[in-house]
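Bear in mind that the values in this text are calculations on the coordinates, not laboratory data. Please read all numbers here as calculations on a predicted model, not as lab measurements. So basically every Cβ, Gly included, is an ideal-geometry build from the backbone, and we count neighbours across all protein chains shown.
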Amino acid sequence: MAALMNNDVFVVALWAIVKVAIILGVLLGVVTYLIFAERKICGHMQARTGPNRVGPFGLLQTPLDVLKLLFKEEFIPAEANKIIFHIAPMLAVFPAIVTFSVIPMGPPPMFVVTDVNVGLLVFLAMSSLGVYALTLAGWSSNNKYALLGGLRSSAQMISYELAMGLSTIPVILRSGTLSLVGIVDSQAGTYLIPGTHIPLPSWGVFHWYLVLPFAVFLVCSFAETNRAPFDLPEAEGELVAGFHTEYSSMKWAMFFLGEYFNMIVICSIMITMFFGGWHGPFMELLGPVFGPLLGLGWFLLKLSAFLFFFIWVRWTFPRLRYDQLMGFGWKVLLPAAILNVVIAAAWLYWRAA
Amino acid sequence: MNLPLLWIIPALPLAAVALNLLFGDRLGKRGTAWLACGAIGLAFAAAVRAVLHLASLPAEERHLVEMAWTWMRVGGFHADVAFLLDPLSAIMVLVVTGVGFLIHVYSTGYMAEDPSFRRFFLYLNLFMFAMLTLVLADNFLLMFVGWEGVGLCSYLLIGFWYEKQSATDAGKKAFIVNRIGDFGFILGLMFVVAYTGSVNYERVFAAAPHVFPAGAATLGSLFSGAGLPAITIATLLLFLGATGKSAQIPLFVWLPDAMEGPTPVSALIHAATMVTAGVYMVARSHVLFLMSPATLEVVAIVGAATALMAATIGLAQNDIKRVLAYSTVSQLGYMFFACGVGAFGAGIFHVMTHAFFKALLFLGAGSVIYGMHHEQDMRKMGGLASRMPVTHATMLIATIAIAGIPPFAGFFSKDEILSQAFATGHYAVWFAGVLGAVLTAFYMFRLYVLTFRGAPRFDEQAAPALHDAHVAAEHAAHGHADAHGHGADDHGHDHGHGGPVTESPWSMTLPLSVLAVLSVVGGFVGMPFQQGGHVLERWLRPVMEGGGVAPVPVHELSRAAEWGLIGVSVAVAAFGIFMAFQAYLANPGLATALRARFAGLHHLLENKYFVDEFYGATVVSPVHRFSVVLWQFWDEVVVDGIVNGVGQVTEVCSGILALFQTGNVGTYALFLALGVLALFLHFLRS
Amino acid sequence: MVPVLFLGFGALLVATALMVVLHRNPVTSALFLVLAFCSLAGIYLLLHAEFIGLVQIIVYAGAIMVLFLFVIMYLNLPHDVEHGTHIAVRRGIGWMVGALMLLFATLLMRRGWAPGPENAAMIGQEHGNAAAIGRELYSRFLFPFEVTSMLLLVAMVGAIVMTKARRPAGEERP
Amino acid sequence: MIPIGWTLALSAAIFCIGVVGVLVRRNALVVFMSIELMLNAANLAFVAFGQQLKSIDGQIIVFFVMTVAAAEVAVGLAIIVNVFRLRETVFVDEINLLKG
């Protein structure tokens, strides 16, 4: 045992496993109540109270829904490609979880699973893998609507990945590294607005040349998570329920899980890149033990804010038409992102020179 | 005065051509006429300016070269597009632009009815461009460009009325005959280049005396062909080119047929300018010719023979333009034997005067034809003197001039030529010249009398009918512009077609008058009996004495001898004129009697010594038969056989190879993989 | 531990590649190919080529293969029918050639290898080879880099033009 | 540190599998995928050699190969789609218009 403890590889692996376990556990809970929050919020937006029967304030509503889904009968359509039909939902969840391994949720090393020097690439890679879940689900369930949904999702996600990837480049240019931890570190501290004495946290979004990238990234993140107003793969108005028309019970739940995971992931990434990650005031005051905890707190705070924003948007905006979606992605976001890259590069070069 | 812009002189007509091509259809007839004439007029002005500048220089510096750009540079050989203005080219350029301008003006009247007015002036300007290039070139190559250009334009213009078989045939004939001459020219040029390594006049003439192996060939050695020096061959070939262009024996046959073209064309190209190109070329390269006495002999003999022969033919022709054509040939003969006897200056002098009066004669003839509603047969004319006073007067002047009566232009030049021939001891040639002079005087006045004097031999009242009949006939015979310009009946011509015979419009008479004046005074530049030679001689001296080649020996004639010669030539001219009046005016019986007496001779002359038929028998038909053989055997059997054979072989081979072309990607990939395997094996075994 | 991982990834790679070739359903082949690429990316990671590894996933798995899937689904291809003698023959030949090639390749690689010129140290390993690659791309390989961008542009335009839906004759393309 | 022999053997194996795929399959798309396999085998070899020679160039070449592969796939798939529109098939042995 001691020998094992001295084997650092083993230790690292052990720690990683522990962290992953914690994250998974927490995430599942979080998602459950994220759904609850969504229903509540949309209820209040629509001047109703939302779920409030089961348990106090309806708090038990979603856990019991999950339970129900677990026990529901599983239906597999005939002529479906069984294997892929089974794999697809897992694919929806797995990339998101992988991405969590590189997100710094608090000051390293405590709150970071691993710090790979190409963390951002990991995120991009995983989000690009996210396509498969929807595409395959749509294709394998041998259903026109599902297939259409799958095709839509694949086209949509590929299109928006471009803009998303490009909009991250200014951030990389600024921080000079692909490691998410490095990116977060590059946003530590504050800076004075030129010409004034007003201090600003030197978060990405507070630098003028990163505002537009942030906007682009935000829009793309909606598209990547297939959430309104970009939820065309499951546009219930046109395709019964899009790619998961044929799915039921736990597989269907997996898709939901995946969607919310992705949401959380992308929000964390946004925070990491544009909102200083876990950085926030008063951390130095609390000393080495509680300071990091506070960092985690800041991170969670920002995260919840973003999640609220996502829900808010979903229940506010109407769905785009498909051609609008594509046109917007290719003709507006992509050029904007490219413009960002040029502007940021020029600005940084000029400032460095 | 800064450098005269030489390049602008040929550039102007070219620009006119371009404009005419681009916007001609919008310009309309007036615009086209203005454009064409304006360009030539400006060219004339530029030429005058340049020549004045040249004259302002001291004699030995009169040699302006203007480099436009380097044309080609191949190894040691290089040719420029460069223009040379020296006394010789100065005369030529003045004559060409001046006479050319007048003839352009004339054409605006003469061609007024022609539907393809624009095309005519297009060709005419193009010709001017080519001719000026020829004249102004400072090297043989560029000269050759102009040479070919004028050839092309003459072809185009002879065949101007291409819907007429005879015209197109004449055009082709002219072109082909010229090709023979051009071939000689090219070969001669190659000789020159081969020996002197350059085409530039200066370098060639400077180098020639040194590079060409000496050794004067005599006339005898020409026929024996033994030990013929290169210079002789070269000059002979060049002279062959000259005979082609200038219609000398043996290549003169095309010029009379060239009369199928519009009369201004005959005047400009086939009388005044182009046909003298040969003379110009010989005079230009006199250095080379002087180096080869044998060639000079040939030139002199050919010239004299042509002069005599053409003159004799001229006696028996009835078509007014043909008479003039043969007189042109014979006059060109004079020029050549002037060159032949080494009197290049005299030759150029005659070129100039001849340009004046021959152009005048043609234009006058054109005016007559125009007035006669395209009647060209002199036997149907007569008594026009009263009806066309201006034409008559000018024609008379020109006729006297060509006949060689002092003080008209023709006299001076012709007399100088003859005296030179005498002085250099070419007595036979001289005698031929004198004989030619008699004949010239005779047939020219025959023309004059038949046309203008005596009683009219055409029915004026019946003119419309005659004309209408005639229009139909014209199509077959020598139908002209208006043959298609207007159908059988519309007589909307300003000169009242079919109406009474009247004088031509001013646009035609004006040039006539100008040319008349020129043919009167044109000869005074060559007034004899002056210390150190007359004006023209002194003007040309820097050119003619350039190059260290001894001129043909001249034993100075005594003043008395010269007077004698003058007396002789005047006398013979007078005799000819007298005979003409006798034969055709005083007692017409004489002519018929003569014709009856020498029926055979007359028949011979009327048919131009059967030269065409002779060529047809000796050259054309053998060539034709040979080419038929080539066509039916060589081309159809051998060449086509080879081609088809290649095709069939390819087809068979590809048929075999196509088996590998399965169109199946998999197979290709398989072959590829096998190839890779082979490579692997190779590496493994190595 | 690294060799173990390598062997694992390698085995996965070979297996999935074989499945790509063997499986009759294009979609399944494509998915196996994705898997193969992912394991290849893993191998890249083990070879300290993190950047290439992840680009591998992004480009191949994330873009190219999605394109493949998209096309397959768009054409709605069924299982490939592959029976008949000539196909069987070709299959036999194919496998034979492949085997031979592998044999020869191994034989070739069994030979001695001349040691190549060794750089002093792997450039820019300290902070990820992404930085190093970027530096090289924008300095020594700048021209090929630009040319490649042009190539991509051309390919994009070409693809768009080719797949544009045909209009009936007479009607002009906008 | 992995011995280069392993990597090369692996890449050789993948390459040969790709070859087999090209030779055996008739579905143009699968053939295409096999070609991609070969490309990746080459990439692997490049990376391995780069590793061996302690040079980054191998990976840069791989980068370029990937770009070219992307372009190639874009155009190739476009061609296949067109062919399918025209001939209703993607089987390479049924498309032999160029048969000599």
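Which lysines have a Cα less than 25 Å from the Cα of B:Lys358, not counting those fewer than 8 places away in the same chain?
B:Lys172, B:Lys173, B:Lys245, B:Lys321, B:Lys380, B:Lys414, B:Lys608
Can you tell me the alpha carbon radius of gyration of the range A:1-70 divided by the globular rule-of-thumb value 2.2 N^0.38 Å?
This ratio for the range A:1-70 stands at 1.76.
Among A:Phe230, A:Ser154, A:Ser249, which residue has its Cα furthest toward the positive end of the charge dipole of the range A:72-352, with +1 on Lys/Arg Cβ and -1 on Asp/Glu Cβ?
So the residue furthest toward the plus end is A:Phe230.
Of all the Cα-Cα pairs you can form in the range A:117-275, what percent are over 26 Å apart?
Counting pairs separated by more than 26 Å, the tail of P(r) holds 35 percent.
Can you bin the range A:14-110 into rounded, prolate or oblate? Criterion: square roots of the alpha carbon gyration tensor eigenvalues sorted a ≥ b ≥ c, rounded for a/c under 1.5, prolate for a/b above b/c, oblate for the rest.
Here the range A:14-110 falls in the oblate category.
Let me spell out the model: positive unit charges on the Cβ of Lys and Arg, negative unit charges on the Cβ of Asp and Glu, origin at the Cα centre of chain B. What dipole size does that give, in debye rounded to 20?
Values: 33 positive and 42 negative charges, 131 e Å.
I would put it at about 640 debye.
If you find the alpha carbon centre of the range B:45-96 and of the range A:272-323, how far apart are they in angstrom?
Centre-to-centre distance over Cα atoms comes out at 91 Å.
Say the dipole of the protein assembly as shown comes from +1 at the beta carbon of Lys and Arg and -1 at that of Asp and Glu; which of B:Pro264, B:Val253, A:Val171 then lies farthest toward its positive end?
With unit charges placed on the Cβ atoms, the residue in question is A:Val171.
Give me the percent relative contact order of the range A:1-70, please, defined on Cα pairs under 8 angstrom at least 6 residues apart.
On the way: 32 pairs, mean separation 13.1, N = 70.
In percent, rounded to a whole number, it is 19.
Using only Cα atoms, locate the centre of the range B:395-430 and the centre of the range B:574-647, then give the distance between them in Å, rounded to an integer.
One Cα centre to the other: 30 Å.
In percent, how large is the relative contact order of chain A, given Cα pairs closer than 8 Å and 6 or more residues apart?
Relative contact order for chain A comes out at 22 percent.
Distance between the C-alpha centers of the range B:281-317 and the range D:5-84? Whole Å please.
Centre-to-centre distance over Cα atoms comes out at 86 Å.
Can you quote the Å³ per residue value for the convex hull of the Cα atoms in the range A:72-352, rounded to an integer? Working shown, then result.
Details: hull volume 38.0 nm³, N = 281.
Expressed per residue, the convex hull around the Cα atoms of the range A:72-352 is 135 Å³.
For the range D:4-87, what number results from the quotient of the Cα radius of gyration and 2.2 N^0.38 Å?
Numbers: Rg = 14.9 Å, N = 84, 2.2 N^0.38 = 11.8 Å.
Compactness ratio reported: 1.26.
Taking R0 as 41 Å, what's the FRET efficiency between B:Arg685 and B:Ala207 from their Cβ-Cβ distance, rounded to 0.05?
My answer for the efficiency is 0.05.
Taking the number of other C-beta atoms within 10 Å as the exposure measure, put B:Asp640, B:Asp612 in order starting with the fewest.
Ascending Cβ contact count within 10 Å gives the list B:Asp640, B:Asp612.
What are the radius of gyration and Dmax of the range C:1-79, computed over its Cα atoms and given in Å?
When restricted to the Cα atoms of the range C:1-79, Rg and Dmax are 13.5, 44 Å.
Sticking to Cα atoms, compute the Rg of the protein assembly as shown to one decimal and its Dmax as the biggest Cα-Cα distance, whole number, in Å.
Both quantities, over Cα of the protein assembly as shown: 51.3, 156 Å.
5 Å is the cut-off here: which amide hydrogens, built 1.01 Å from N in the peptide plane, fall below it relative to A:Thr190, excluding neighbours closer than 5 in sequence?
For A:Thr190, the qualifying residues are A:Ser202.
To the nearest 20 debye, what charge dipole does the range D:4-87 have about its Cα centre, counting +1 at the Cβ of each Lys and Arg and -1 at the Cβ of each Asp and Glu?
That gives the range D:4-87 a dipole magnitude of about 320 debye.
Along the range A:208-225, what does the Karplus equation 6.51 cos²θ - 1.76 cosθ + 1.60 (θ = phi - 60°) give for ³J(HN,Hα), rounded to whole Hz, x for Gly and Pro?
4, 7, 10, 5, 4, x, 4, 4, 4, 4, 4, 4, 4, 5, 4, 5, 5, 8
Summing -39500 (n - 2.57) over the DSSP H runs of n ≥ 4 in chain B and dividing by its residue number, what mean residue ellipticity at 222 nm do you reach, to the nearest 500 deg cm²/dmol? Write out the running numbers ahead of the final one.
Working: 29 runs with 466 residues, N = 686.
Computed ellipticity for chain B at 222 nm equals -22500 deg cm²/dmol.
Loop by DSSP (not H, G, I, E, B), at most 13 other beta-carbon atoms within 10 Å: where is the longest site-free stretch of chain B for GluC sites (Glu not before Pro)?
No qualifying site falls inside B:164-459, the longest such stretch.
Using the Cα atoms as the points, what is the convex hull volume per residue of chain B in Å³? Intermediate values should be presented prior to the final figure.
Numbers: hull volume 166.3 nm³, N = 686.
Convex hull volume per residue, Cα atoms: 242 Å³.
Could you tell me which residue out of B:Leu324, B:Pro528, B:His350 lies farthest along the dipole of chain B toward its positive end? Charges go on the beta carbon: Lys and Arg +1, Asp and Glu -1, centred on the Cα centre.
Looking along the dipole axis, the top candidate is B:Pro528.
Please state, to two decimals, what the Cα-based radius of gyration of the range A:186-273 comes to when divided by 2.2 N^0.38 Å (N = residues).
Taking the Cα Rg and dividing by 2.2 N^0.38 Å, one obtains 1.55.
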